[in-house]
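Contents: one structure, followed by commentary.
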Amino acid sequence: MKNDMKLKGWLQRFLGWPLYMGILVLAMTAAAYVFELKAGLICTVLAAVYLVIAFWFYFAKRPLVMRELLLFAVNHAQIQKQLLSDLDVPYALLDEQGRVLWINKAFGMVVRKDKSLRRRITDLFPELPPRPFSDSEEEAVWDVAYENRFYRLHLKNIYMTADEEDEGEEEGGFRVGLIAAYLFDETEKIRFQQEIENQKLVAGLIYLDNYEEALESIEEVRRSLLVALIDRKINKYFASIGGVVRKTEKDKYFLAIKKRYMETLTASRFSLLEDVKTVNIGNDMAVTLSIGLGMGGGSYIQNYEYARTAIDMALGRGGDQAVVKDGETINYYGGKSQSQEKNTRVKARVKAHALRELLETREKIFIMGHKIGDADSLGAGVGIYRACATLNKKAHIVLNDITTSVRPVLERFKNNPDYPEDMFIRGERAIELADDSALLVVVDVNRPSLTECSPLLGMIPTVVVLDHHRQTSDSISGAVLSYVEPYASSACEMVAEILQYIGDNIRIRQAEADAMYSGIVIDTNNFMNKTGVRTFEAAAFLRRNGADVTRVRKIFRDSMSDYKAKAEAVRRAEIFEDAFAISVCPAEGVESPTIIGAQAANELLNIVGIKASVVLTEYQNKIYLSARSIDEVNVQVMMEKLGGGGHMSVAGAQLKGCTVDEAKARVKETIKTMLDGGEI
């Protein structure tokens, strides 16, 4: 019968040996007849007896043999099943859809509240994806949790193939796929690892941003009290979390805490930043501080170096904030107040002398601003060009795209006998001329990806950075001279100060003074934004050198198409969360839509109740964001979350691979997240 159990392979051949011996006995009987008839008859009788017994045993006793084999197999399977059932390692069998078919006792102890079979493994461990591993994988390992315990889950494909002829997957055979699941409890291991991680050292540096200015704003007899109150605030704050603070200088502190307390600090967003501002004993200026923390390094020294990098980032971004550098990751907290303008020009003088020394040692100098250059970028570049010309050094300004905002300024230098034809060159030409002995001066930008010709940064080893934007984690590294002052209104203001110290009786030509004055006017929005005493002093210096307000005003008059585009952007403005104006600037028929978008963002701030404005402009397959605020919102942090940066009140970003509507949705989501997180 087809349903009878059949033996196969070596077992079938082994149990057939009586038949094989019968053939041998018959051969021996035939040989006996050859030699003698009597011997043949005797052999025939014996052979007949043997064959009867052999056939009786092979056919009559076969069911008994098969039953014994079956009982052995069953007992063997039961032993295996019992071993699996009693195995200390939690073990389960799943079908190809991930449903639980069988579990052993150890697995049942783990999921004692969910013992019911035919449940999916993803129901027991929701962190697993719908398909824990793809068809091409044979094994997969996942970290899962169940009832406050942590496990390592191993999944392995196993296959059972059955075929009637045992010759592979032919017609009539079948293949069943199962998944073996093993659980390894790693709760204690993870707990010890976390405890070791929590005990690691976090090195920190604390700098008072405006120590001298705050002391000067109060009477001399009260200054020691102010310092004592600040010290007490700092020490008490970190003592509450087991930290050690030691004062290294009059306005600097060293800090050491355990990593376990970082979550507490970040959850409160470093409340010390706001708490220290409450110290007031008659001082007109509130004290602010910067905190730099380093962790995730391989040694204490590396953590300290991370802390130094973090404090430099905090100071470079204007202070009044905490920067945490965890390995390659940098996080920012605070930075809600405007950076205080420094009254002293000592730093400007020192940087000017250092720049002069570098210029004097180079025969070939390249000056580069940012992509889609504006008046500030061009004006600062022209100012550095004048410094090079004063020192009789050959210089080139790298400029690729000429926007409508810089074209009127640029026209005054082209075809002008006072300036060489190669004063302005394109990036391709600069790459041809560059060599290791050249000097590259980067103005109005500190991010490599935003420079006019980023390959020059890798070709010229000696780089100088002059910028007024807050630094980000991907700022230009390896600069021999870096002068980044976020309190400055514009790069032109910084360059104007440098020119006053770089040489005796330096004389700036009228066109150059107009270009630099234009940069200050644009970046300050006609002296209404980020304007300080030194801004007006720089403007006065340029006026003395021939800058004309009327000429500059004429330069920045809009064409009718640009004015209509700006008005349309204002008309389209959408008020989000009752305080944020979001709009889209049309790009059709406008030569430089990003400039118009920035101007529209400034216009939207004139609306009552608007704390910040964001204008989106689609240009060259990118979405450009221009963000502006007056004093209540830090748009720099907002744009950093979208991959950009800038100042607290002036910032921007570029988005790729999305539509205008998608970009607008991302802006709204970012604002909502900042509102919920207390960053606004």
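The values are calculated or read from the model by the stated rules, or taken from the named source; none is laboratory data. What you see is a predicted model; the values in this text were computed from it and never measured. All Cβ positions, even for glycine, are placed from backbone atoms using ideal geometry, and neighbour counts span all protein chains on display.
A few notes on this one:
- Counted residues, the range 482-499 - those being in contact (Cβ under 8 Å) with a residue 60 or more places away in the chain and under 16 Å from GLY381 (Cα atoms): 11
- Matching residues, the range 613-662, being among the small types (Gly, Ala, Ser) and either within 15 Å of HIS469 (Cβ to Cβ) or buried (at least 24 other Cβ atoms within 10 Å of the Cβ) (or both): SER613, SER626, ALA627, SER629, GLY643, GLY644, GLY645, GLY646, SER649, ALA651, GLY652, ALA653
- Note on the range 363-458: enclosed helices (runs of 4 or more DSSP H) holding 2 or more residues that are within 36 Å of the chain's Cα centre (by Cα) are 375-390, 427-433.
- Residue in the range 518-541 that is in a loop (DSSP other than H, G, I, E, B), outside the structural domain of VAL323 (by TED's automatic domain parsing), modelled with pLDDT of 85 or more and buried (at least 16 other Cβ atoms within 10 Å of the Cβ) present: no
- Residue in the range 549-575 that is surrounded by the most Cβ atoms within 10 Å (Cβ to Cβ), counting only those that are at pLDDT 85 or above and not in a helix (DSSP H, G or I): ALA573
- Looking only at the range 447-473, and only at residues there that are free of Cβ contacts under 8 Å to residues at least 60 places away in the same chain and over 18 Å from ALA387 (Cβ atoms), the one that is surrounded by the fewest Cβ atoms within 10 Å (Cβ to Cβ): GLY458
- Scanning the range 266-289 for residues that are farther than 23 Å from ASP676 by Cβ and touching a Phe, Trp or Tyr at 6+ places or on another chain (Cβ under 6 Å) yields a total of 0.
- The strands (runs of 3 or more DSSP E) found entirely in the range 576-680 that carry 2 or more residues being at pLDDT 85 or above and among the basic types (Lys, Arg) are 622-629.
- Residues of the range 257-282 classified as closer than 17 Å to ARG232 by Cβ and surrounded by fewer than 19 Cβ atoms within 10 Å (Cβ to Cβ), total: 8
- Meets criteria (in contact (Cβ under 8 Å) with a residue 60 or more places away in the chain and either crowded, with 24+ Cβ neighbours inside 10 Å or out of contact with any Leu (no Cβ under 7 Å at 6 or more places or on another chain) (or both)) for ASN606: no
- As for the range 426-442, it holds at least one residue that is in contact with a Pro (Cβ under 8 Å, 6 or more places away or on another chain) and charged (D, E, K, R).
- Residue tally, condition under 24 Å from THR451 (Cβ atoms), crowded, with 18+ Cβ neighbours inside 10 Å and either at pLDDT below 85 or over 33 Å from the mean Cα position of the chain (by Cα) (or both), over the range 315-338: 5
- When the helices (runs of 4 or more DSSP H) confined to the range 1-107 are screened for residues that are modelled with pLDDT under 75, those reaching at least 3 such residues are found at 9-15, 17-35, 62-86.
- Selected residue [outside any loop (DSSP other than H, G, I, E, B) and of a type outside the set (A, V, I, L, M, F, W, C)] from ARG269, ARG232: ARG232
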